[in-house]
Amino acid sequence: MLKSSKLLSHQSPARSGRAGLSALVFLAGFALAAPASADTGTATQNVSVVLNSAGKVSVPAGFSLAATGTTFNAYLGALTVSYRFRTAPSGSGSITLRAGADFSPGGGPAISSGALLYTCGGAGLGTPCSGAQTVSTASSTGVVQIPGGVCTGGGGSCSVSDPATVQLQFTLDNSPQFQTGGYSSSLTVTVSTL
């Protein structure tokens, strides 16, 4: 009887292990077969924007005029104007130039008496000024005219380059009446769109 009881006690763990394994397999199978309980939702939002005509211009911090050729030849200098535009089909744009003040100190060349002129080179977008323009302290003079429905960059109706550029060639009268010394003035380049 004692032997029988030992046998039973040796067999019990084996049966118990198989039953546990069966329960584990059953639970694992149930977990795999159960449907996932996830939920998703979506929302739609409309986005709108109004793109207006716009323009931007930039120039170097400054430039100098230098004597050329023989004595009393004009002083020359170049200024590159970089610009970006987007115009409406029925709109337009422009770049203009104006002197902020006459040369100072006094006794030298006078912008107010027509001493400073410029011409426009080819423009990357739009139509550059034609012929010599007299810089004025009283009013703005044209640099580039921009038609409607154009832009900088991308090709097609837009310019190939972004930004577009135009080079201005300045000429300053070199009269013997001017006193020796250094003179300076400021130029304002303005961009506008319609």
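The values are calculated or read from the model by the stated rules, or taken from the named source; none is laboratory data. For clarity, every value in this text was computed on a predicted model and none was experimentally measured. A quick note on method: Cβ atoms are made from the backbone with ideal geometry, for glycine too, and the neighbour counts reach across all protein chains shown.
The residue of region 74-109 that is surrounded by the fewest Cβ atoms within 10 Å (Cβ to Cβ), among those that are aliphatic (A, V, I, L, M) and within 14 Å of Phe170 (Cα to Cα), is Ala78. Look at (1) farther than 20 Å from Ala74 by Cβ; (2) buried (at least 17 other Cβ atoms within 10 Å of the Cβ); (3) at pLDDT 95 or above and you find that Val135 fails only one, number (1). Cβ-Cβ distances below 6 Å connect no pair with a first residue in region 104-130 that is under 23 Å from Gly149 (Cα atoms) and without any contact (Cβ under 8 Å) to a residue 12 or more places away in the chain, a second residue that is crowded, with 20+ Cβ neighbours inside 10 Å and β-branched (Val, Ile, Thr), and a separation of six or more residues or different chains. Which members of region 79-129 meet the condition of being of a type in the set (D, E, K, R) and farther than 12 Å from Val143 by Cβ? Residues satisfying the conditions are Arg84, Arg86, Asp102.
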